[in-house]
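Data block below; observations after.
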Amino acid sequence: MPIKKISRRQAIATASVGALGTMANFSFTNIHLKNTEKLAFLGGEKVRAAAWPQWPFWNQNAEAEIVEMLRSGRWWRGNGGHVAEFEKQYAELMGTKRCLATASGTTALLVALHVLGVDAGDEVLVSPFTFIATYNVIFMNKALPVFVDTDPETFLINPAKMEERITERTSAILPVHIYGLPVDMDEVNAVAKKHNLNVVEDACQAWLGEYKGKKLGTLGDLGCFSFQNSKNLPAGEGGAVVGNNDEMMDKCHAFHNCGRPFGSVQRTSDYPVRGSNRRMQQIQALILLSQMERIQKDADTRLENAKYLDKKLSEIAGIVPYQLVTQNARSAYHLYPFRFISEKFGDVPREKFIEALRAEGIPCSAGYGPQNKDGLIEEALNSKGYRRLFSENRLKQWREENILPGNDKLCREAVIFAQSMLLGSQSDMDDIVDAIAKIYENRESLR
Ligand SMILES: Cc1ncc(COP(=O)(O)O)c(C=O)c1O
């Protein structure tokens, strides 16, 4: 058997506890490292060789009904009831009066922004720490996304920075409950009310998350969800808009269905509205109905494991779990995020930390890049349409103000785990903690 080489710190720790006959605990009180040998990244043994839970899970209960529907040829929502049934059940789950199912989360956002009157030449306040779709839909409506800085502690839009970005063109706020973490909606709604703005929640990663007793996605004027394959409620593709205002939801329905009034298969001349086709298919609805059987249980497991990780990881210098905006809230965990502070890890760069953690058998990645500097923005601002809609001065000012130090810091520091990892056991979570603690203990060897 090869002789194990141990670091000076390990030698001290082993010597100090060795007399008690316990396992060396190194720098930590509550973390009991199993393996501190050479990092796997440098050729050592990995902390974890086992696979992680795969996603999505297929529910066999769905098979008979899906086959029947496929054989019947009733594939679109116009000649079958599965989409309407999903809408009913999803509205119940969210505690809203209404739900409209859509083809995707992107189409849900497009419907919501259109119905709330976001129009050419308007401005929309939006989170920069998000998926590209959140600001793409603003561009699709020929409006200007105005990025508000992120609070790196919460990973979310910083409500204290919203008012300074409002102009006479601002018509809506689009906060994002990114990774399923709840935005401080009281703060967002207070600013919206004061300035007479609409609020569309991007809850595309936030199924069953809560803020002050209400589900995320139900706190603004309209809330939008995604059911894309990686999502906690998956159907390959799919989306939904939820809301409590019947008139608004009727308009959403009409817009998503070529302008046909809610409850009708024909366009009628007494309901003259524009529209497009953003409809969900029957097969998506059937998959969603079967996936909903496990959604609450999965959300509870993720929450429990995330709290366990928060507690354990906070013990490691340089690993900073995110902060909830209020204790009276619940995160949905589409991803589990934390910040990696390189200076506390002997200046190991984040990218090297990520590679080292992957080598230990823990899949992980960096969070979003600085989306407010995405090249597609300049492409849009320089387009014929935008130069017609916005003055040169306004676009110059937009560029000058598009400096977001909080967001830049978060983009440099964020590290994330996929939600499916949080469906593992407590001992799986211990593998994550062990691997990070092992890297911390061996950080000098990564320099
Ligand atoms: C925050 C956010 N907004 C919007 C979307 C768009 O949803 P979809 O991919 O279903 O169109 C996504 C999907 O990844 C998302 O994560």
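Below are the figures for this structure:
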quantity: Residues of region 265-299 with amide N under 13 Å of a point placed 7 Å along Cα→Cβ from Leu70; calculated: 283-284, 287
quantity: Protection proxy ranking, peptides 37-45, 275-283, average beta carbon neighbours within 10 Å, highest first; calculated: 275-283, 37-45
quantity: Accessible-area value, Met292, 1.4 Å probe, nucleic acids and ligands omitted, Å²; calculated: 30 Å²
quantity: Entries in Lys46/Lys311; Lys215/Lys297; Lys34/Lys352; Lys352/Lys409; Lys344/Lys373 that, when Cα-Cα distance is taken, lie over 20 Å; calculated: Lys46/Lys311; Lys34/Lys352; Lys344/Lys373
quantity: R0 of 30 Å, Cβ-Cβ distance Ala84-Lys214: FRET efficiency to nearest 0.05; calculated: 0.80
quantity: Accessible surface of Ser365 - all protein chains present, 1.4 Å probe, nearest 10 Å²; calculated: 40 Å²
quantity: Antiparallel %, DSSP beta bridges [both residues in the chain], to 5; calculated: 65 percent
quantity: Gain upon complete extension [Met292, Ser427; 0.36 nm per residue less C-alpha separation]; calculated: 45.9 nm
quantity: Residue-normalised accessible area of the chain, expressed per residue, 1.4 Å probe, Å²; calculated: 44 Å²
quantity: Highest-MSF residue in the chain out of Leu404, Leu389, Leu357 [GNM, Cα springs under 10 Å]; calculated: Leu389
quantity: Per-residue SASA entry for Thr150, accessible area with 1.4 Å probe, Å² rounded to 10; calculated: 0 Å²
quantity: Net charge of neighbours whose Cβ lies under 15 Å from the Cβ of Glu153, counting Lys and Arg as +1 and Asp and Glu as -1; calculated: -3
quantity: Residues Ile132 and Ser314, FRET efficiency given R0 of 22 Å [Cβ-Cβ distance, rounded to 0.05]; calculated: 0.10
quantity: For peptides 107-113, 396-402, sequence by mean Cβ density within 10 Å, most packed first; calculated: 107-113, 396-402
quantity: Net charge of Cβ neighbours under 14 Å - reference Gln296; Lys, Arg +1; Asp, Glu -1; calculated: -1
quantity: Computed [θ] at 222 nm, helices only, for the chain once each DSSP H run of length n ≥ 4 contributes -39500 (n - 2.57); calculated: -11000 deg cm²/dmol
quantity: Neighbour-limited loop hits for chymotrypsin sites (Phe, Trp or Tyr not before Pro), region 330-378 (at most 11 other Cβ within 10 Å; DSSP other than H, G, I, E, B); calculated: none
quantity: Max mean-square fluctuation residue, GNM over the chain, Cα-Cα springs under 10 Å, options Tyr386, Tyr308, Tyr271; calculated: Tyr271
quantity: Among Asn245, Asn232, Asn198, residue whose mean-square fluctuation peaks in a GNM of the chain (springs only between Cα atoms under 10 Å); calculated: Asn245
quantity: Reach of Lys214 by Cα under 17 Å, taken over lysines that are not fewer than 8 positions away in the same chain; calculated: Lys97
quantity: Nearest-0.05 FRET efficiency for Leu381 and Arg447, computed from C-beta distance (R0 41 Å); calculated: 0.45
quantity: Sparsely packed trypsin sites (Lys or Arg not before Pro) within region 199-274, loop by DSSP, other Cβ within 10 Å at most 11; calculated: Arg274
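The values are calculated or read from the model by the stated rules, or taken from the named source; none is laboratory data. The structure displayed is predicted, hence computed values, not measured ones. For neighbour counting, all protein chains shown are included, and Cβ atoms are generated from backbone atoms with ideal geometry for every residue, glycine included. Just so you know, the surface numbers come from the protein's heavy atoms only, side chains and all, with ligands and any DNA or RNA stripped out. Shrake-Rupley method; radii C 1.70, N 1.55, O 1.52, S 1.80 Å.
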